[in-house]
Structures are given as structure tokens and as C-alpha cells.
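Remarks on the structure that follows.
The values are calculated or read from the model by the stated rules, or taken from the named source; none is laboratory data. Bear in mind that the values here come from a model prediction, so they are computed numbers and not experimental data. In this analysis, Cβ positions are derived from the backbone assuming ideal geometry, glycine residues included, and neighbour counts consider all displayed protein chains.
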């Protein structure tokens, strides 16, 4: 399993659980590229989990850019392990 797990869905028609699973990614650039693709394909809500740091982030198509900035700042503060 890779570090980031991504889920995306329409707020009116979520499929639920792993049925909304989009993919797993090793870095934020790959993750954010996938998020942009999800939002272009009528998914209004995205959720991702950082499996290494146990960080969960959820946002809608209106709030994902600020969330990405917060995630990048948060990751930059992590100690290198």
C-alpha cells in the first residue's frame, strides 16, 4: 500500500466505502494531480488519508486548493524519517 489513499464521490450519489476508492499514491504531486482529475469528472467531494502520519483530510471542489496548501505546509514541517 502506498502512503496516500484517495476517495472521491458526488455528494448526492456516494457509492460508499471502498466503492469510492480512486487509488493510492506515494507523493503529494501524484495525489493532487489525481484530485484535480476527480474534480473534473463530476466528483464534488474528495477525501484522502496519509497512512504514514494518520492524517485524514476531506474537502469539496470549492475548498480543495486551500486544503492542498495546508497539506503541503503540514508535510514540510514533518521530520525526515
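Numbers at a glance
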item: The range 4-24 - residue that is out of contact with any helix residue (DSSP H, G or I) (no Cβ under 7 Å at 6 or more places or on another chain) and part of a strand (DSSP E or B) and, of those, farthest from residue 51 (Cα to Cα); result: 21
item: Contacts under 7 angstrom Cβ, first residue in the range 38-50 being on the phi > 0 side of the Ramachandran plot and in contact (Cβ under 8 Å) with a residue 24 or more places away in the chain, partner surrounded by fewer than 17 Cβ atoms within 10 Å (Cβ to Cβ) and not in a helix (DSSP H, G or I), 6 or more apart; result: 42/10
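Here is a yes/no grid of residues against (1) at pLDDT 85 or above; (2) in contact with a strand residue (DSSP E or B) (Cβ under 9 Å, 6 or more places away or on another chain); (3) surrounded by 12 or more Cβ atoms within 10 Å (Cβ to Cβ):
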| position | (1), (2), (3) |
| --- | --- |
| 21 | yes, yes, yes |
| 31 | yes, yes, yes |
| 43 | no, yes, yes |
| 47 | yes, yes, yes |
| 50 | yes, yes, yes |
| 56 | no, yes, no |
| 59 | no, yes, yes |
| 64 | no, yes, yes |
| 78 | no, no, no |
